[in-house]
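Working notes, structure below.
The values are calculated or read from the model by the stated rules, or taken from the named source; none is laboratory data. On a predicted model such as this, the values are computed, not experimentally measured, just so you know. Glycine gets a Cβ as well: all are built from the backbone with ideal geometry, and neighbour counts include every protein chain shown. The accessibility values were calculated without ligands, DNA or RNA, using every heavy atom of the protein model including side chains. Shrake-Rupley method; radii C 1.70, N 1.55, O 1.52, S 1.80 Å.
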Amino acid sequence: MVENKSVTFLFYLQGISAGFIHVFLALTTLELLQTTRYDGYQVLQVTPTSLENEKEVLQIVQRHDLSIWKRQRDGRSIDIQVSPNTIDFVTRELQDANTSYTRWIQNIQSLIDEQQVEEYEKAADSKDPEDTFSLTRYNTFEEISAFMHSLTKTTFTGPSGDEILVDHNVIGQTYEENSIHLIKISKPGSQKKAIFLESGIHAREWIAPAVALYIIHQLSYNPSRSTAVEQLVADFDWYIVPVLNPDGYVYTHNKDRLWRKNRRQPSFGNNLTDICHGVDLNRNFGYKWGEGTSTDQCTETYSGPSPFSEPETLAVKRVLESRNINFLLYISFHSYGQYWMYPWGYTSTYTKDVKLLEFGAQIAVKAVRQKYNTDYTVGSVYNALYAAEGVSLDYAKGQAGIKYCYTVELRDKDQYGFLLPQNQITPTCEETMDGNMALVGYIKALETK
């Protein structure tokens, strides 16, 4: 990665079109903000021929200190980020190992630049975060926070005329003193069983917060005046955390688009490489924590010094273990790969109620498919993807005791990865909303028998 120490520019505006100036400003702005660049970086989709071949591929990854974007169970495919300095060595070693691969993304930085030019152009006309917030683009954390606060200033009613209550709470503060926002959406009256949605635990997965914000907007504003949407709030109390990792999310907008962890300072000082900062929050939950996870602070999956050591995971724990709330459904939104998964992540064995969870996931992905023909894979985290210990999904099921628990890996599969274009936000949100409505309907039917 190339570090831009400073960027200076001078241009003569006379005679230059407004459109050109817009694009020029967009490019220079992202140059100023993003100090970590990925010019010439590629993503290879590697397909091992056997488990033994998969071990060879992982040795290549370790030898060249490569970043794995996504890995499927049993070596079905591994997406690997490769720098321009190592691409020739890596591809030669893959060929020597008789391993097939495709150059999936030819230049990571070009996708980042396209995404951020779109972001700049859509927000260029206003500097007020409340004005620039939009459901059709990737919002900054400042814009998301403004939207959270705006919800408490608005009176909401469903198509029936009943009031929709929207409460905003801050459930924690991060290392960099960003607020962890929680939105509760409900109807007046006695407390009901609850649904908890969590997104943005991994900073670079921008589509996840976009989906959570869309769901918040649907449940509160209900722009289509749908009685089915209002019924969701009549049946359950909704608790939604749109950005669980604010520090990391801010960092992806300002410094490194592909940052994953939070921004905890390394225990051995602040003068080392940046990768040694942070904890993978989705390895920091207390259930089966540390069983096979990384203890190396400089890896992307560092599980932290102790379970619930991070303010972000501790904030979720406090909400889920509240004696005043009876949570029935937990969903954690991620990207990418298009999976609808259930526990466990730490073992290949299944929960005793796996048939209930499997059927619920199948109902959800069928509803997703009907919207835009987007295919999702269903399975447990361990068996569909990989072993993962200390994840929120396993904690919600195994320790918090929530009956229905899912991790959803959103779009896409084989084109953009973490860098999903903004023109795919709306269809992703719409189909995910349909999937959630179908799943909640399934759960309601089971629980009211």
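The trypsin sites (Lys or Arg not before Pro) of segment 255-334 meeting both criteria, a DSSP state outside H, G, I, E and B (loop) and at most 15 other C-beta atoms within 10 angstrom of the site's C-beta, are 255, 323.
Relative to the globular-protein estimate of 2.2 N^0.38 Å, the Cα radius of gyration of segment 163-308 stands at 1.22. Quick check for you: which residues of segment 368-382 have the amide N under 11 Å from the point 7 Å beyond the Cα of residue 354 toward its beta carbon? It comes to 379-382, nothing else. Would you work out which of 40, 380, 350 lies farthest towards the positive end of the dipole of the chain? Charges go on Cβ: Lys and Arg +1, Asp and Glu -1. My answer, from the dipole projection, is 350.
Charge dipole of the chain (Cα centre as origin; +1 on each Lys and Arg Cβ, -1 on each Asp and Glu Cβ, all else neutral): 1140 debye, rounded to the nearest 20.
When only DSSP loop residues count, what chymotrypsin sites (Phe, Trp or Tyr not before Pro) in segment 232-284 have their Cβ near at most 12 other Cβ atoms within 10 Å? Sites meeting the loop and neighbour criteria: 268.
Cβ distances below 4.7 Å define possible disulfide partners, and in the chain the cysteines left without one are 405, 429.
The distance between label points at residue 169 and residue 150 comes to 2.4 nm (points 7 Å beyond Cα on the Cα→Cβ vector). Against the criterion of solvent-accessible heavy-atom surface with a 1.4 angstrom probe, 104, 340 sort, most first, into 104, 340.
Using the Cα coordinates of the chain, the gyration tensor eigenvalues translate into equivalent-ellipsoid semi-axes of 34, 29, 21 Å, sorted from longest to shortest.
Taking label points 7 Å from Cα along the Cα-to-Cβ direction, residue 162 and residue 448 give a separation of 1.0 nm. Between residue 372 and residue 423, the simple label model (points 7 Å from Cα in the Cβ direction) yields a spacing of 1.1 nm.
For segment 258-318, GluC sites (Glu not before Pro) are listed when DSSP marks them as loop and at most 12 other Cβ atoms sit within 10 Å of their Cβ; the list is 291.
Relative contact order, whole percent, for the chain stands at 15, derived from Cα pairs under 8 Å and 6 or more residues apart. May I ask you to list the residues of segment 356-388 whose amide nitrogen lies under 11 Å from a point 7 Å from Cα along the Cα→beta-carbon direction of residue 291? So the set is 388.
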